[in-house]
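**Q** Handing you a structure now.
The values are calculated or read from the model by the stated rules, or taken from the named source; none is laboratory data. On a predicted model such as this, the values are computed, not experimentally measured, just so you know. Don't worry about glycine lacking a Cβ; one is built from the backbone with ideal geometry, like all the others, and counts go over all protein chains shown.
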Amino acid sequence: MKKHSTLSRFMSYAGGYKILTYLSWALSAMSALLALVPFWYIWRIIHDILEVSPLIISGDFYPPPIVIKIKL
């Protein structure tokens, strides 16, 4: 007996609605890409900022010290 692949077993569940199965795969791939695009742009902006700013990359950037005055 020939062993069926996982995809052919999955498609047997779809029955007469195989086109809807393929359509749902395509739509889910497009929505995943659409959801990830803003994160790619945010990453590019952060990358460009860090590329231009030599102070942060070289380690010469230090925050100012915090001074607390206590009045006695």
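**Q** Would you check if there is a residue in the range 52-69 being modelled with pLDDT of 85 or more and surrounded by 10 or more Cβ atoms within 10 Å (Cβ to Cβ)?
**A** Within the range 52-69, the first condition is being modelled with pLDDT of 85 or more, and the residues that meet it are none.
No, that holds for no residue.
**Q** Something else about it: Within the range 1-28, can you find the residues that are aliphatic (A, V, I, L, M) and either within 30 Å of the chain's Cα centre (by Cα) or surrounded by 10 or more Cβ atoms within 10 Å (Cβ to Cβ) (or both)?
**A** Matches in the range 1-28: 7, 11, 14, 19, 20, 23, 26, 27.
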